Structure formats: C-alpha cells, structure tokens
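One structure below.
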Amino acid sequence: MAKTGTTTQGLRAAIERSGYYPALVAEAVEAAVGGEPVVSYLVHQETTFDSNEVRRHVTVLVLTRTRFIVSHTDEQAADGTSPSPYATTSTESVKLDRISSVVVSRVVANPESYTPGALPREVVLTIGWGAVSRIDLEPAACGDPNCDADHGYTGSSTADDLSLRVSEAGDGPDSVRQTLAFAQAISEATAVTGR
C-alpha cells in the first residue's frame, strides 16, 4: 500500500502504518534525509511469491528540496549465510539535478470514454538518474534471407534505476492517487532544478 505526504512526522507515521519493520526502515530513511525538510514522500509495500515463500519488500521514496532518496528493504529467509531470517535495507541519495527522466505510465480502461481526472487502473513510475542501465543486444541482420555475413550487434540501452508499479486492483485507489501525487512533485522539482 502506498502512502504519500509532505512532513517528516508524516513520513514516519506512513512507515509505521506499513507495518514492515518500521523501526529499521525509519532509521535508515531518517539517516539519509538528515535535517532536510521533506517535500514529498511515498511508501510502497509489495508482497512477492518466491517458490514456496512469501517475501515482503518496501520502497520508500523521499523528495527534499535538493535530493531524491530511495530506500529498499527486503526480508530474507534463513540461508547458508544466516541461521535466522534477516532483512536488508539500503538507501540511495540522488541530487535532483542528476535526475534525467521521470516517466509516468498510466493504464486506463475504456479510453474512448475517459473523463479528465479519472483514476487510471495502474501507474508505473520510472525515475532515471544514470546509476543503472540495462543493455539489450541481439545479432544484427540485413534484409537478405540468404546472407550469412556477420553484421555485428544491434540493441538498446535503457535507464533502469527505479521502476515502481501500483495498481488499483492490487494496491487500492488511494495508492494510485498517492503515486501520481509523488510523480507530480518530483517532476515539478526536477523541472525547477533543470533551469
């Protein structure tokens, strides 16, 4: 479930409401934010199924006046490295002027009867700042079906720093609305820093 807002106290309350190791997540996020005022935030909890196990994951996105902070926390079952279950949390702090793209993809049912302001059934928020890229390569070919020459490779490079999917069916309409609000806040913030 996604939660969004604009205060440090609201951020901590949203993390606590998520119920996902709130002390651990809050400590990591608050350390990354430091003393900066929070402009906007989004807390998104996701449950995934891995073989016979259910795993939870929480992503916390925080916007300050100068930075975009991303925190991920995952839980892991006991394994060869740890005899007991454990959690891993990480934070990344990105200066706003490093953000190269904010993509908001909306999935809308019955687009022919769409009315402005209607909530999409799904939103995918993708934010790129150049830390992670994915390269997809495939053998290049020419138009001759009998050609067996080596034409090298062709492909594409895609920024793959953060992609967050929220759906009305899985997360609820409030989560979709909150994701759109955070997307607008970060889009506006990056437009200001880009001047």
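Where Rh denotes the Kirkwood radius from the mean inverse Cα pair distance, what is Rg over Rh for region 25-69?
My calculation of the ratio gives 1.14.
How high is the relative contact order of region 44-195, in percent, with contacts defined as C-alpha pairs under 8 Å that are six or more residues apart?
For region 44-195, the relative contact order is 17 percent.
Would you mind working out the accessible area per residue for region 1-85, using a 1.4 Å probe, and quoting it in Å²?
49
How large is ³J(HN,Hα) for each residue in region 17-27, as worked out from phi by the Karplus curve 6.51 cos²θ - 1.76 cosθ + 1.60 (θ = phi - 60°), to whole Hz, x for Gly and Pro?
5, 5, x, 9, 6, x, 5, 5, 5, 4, 4
What nm value, rounded to one decimal, do you get for the distance between Cys147 and Glu112 when each label is placed 7 Å out toward the C-beta?
4.3
Using only Cα atoms, tell me the angle between helix 173-193 and the longest principal axis of the chain; keep it within 0 to 90° and round to the nearest 10.
Tilt of helix 173-193: around 80 degrees.
Round to a whole number: what % of the accessible area of region 3-155 belongs to carbon and sulfur, probe 1.4 Å?
It is 50 percent, rounded to a whole number.
Would you calculate the separation in nanometres between label points at Ala191 and Thr154, each defined as 7 Å from the Cα along the Cα-to-beta-carbon direction?
The answer from the label model is 3.6 nm.
Round to the nearest 0.05 the FRET efficiency obtained for Phe49 and Arg98 when R0 = 45 Å and r is the Cβ-Cβ distance.
E between Phe49 and Arg98, to the nearest 0.05, is 0.85.
What would the Debye formula give as log10 I(q)/I(0) at q = 0.11, 0.17, 0.21 Å⁻¹ for the alpha-carbon point model of region 1-119, no solvent?
Listed by q, the Debye log ratios stand at -0.47, -0.92, -1.14.
The values are calculated or read from the model by the stated rules, or taken from the named source; none is laboratory data. Not measured: the values here are computed from a predicted model. Here Cβ is always computed from backbone atoms with ideal geometry, including for glycine, and neighbour counts include all displayed protein chains. Heads up: the accessible areas ignore ligands, DNA and RNA and are worked out on the full protein's heavy atoms, side chains in. Shrake-Rupley method; radii C 1.70, N 1.55, O 1.52, S 1.80 Å.
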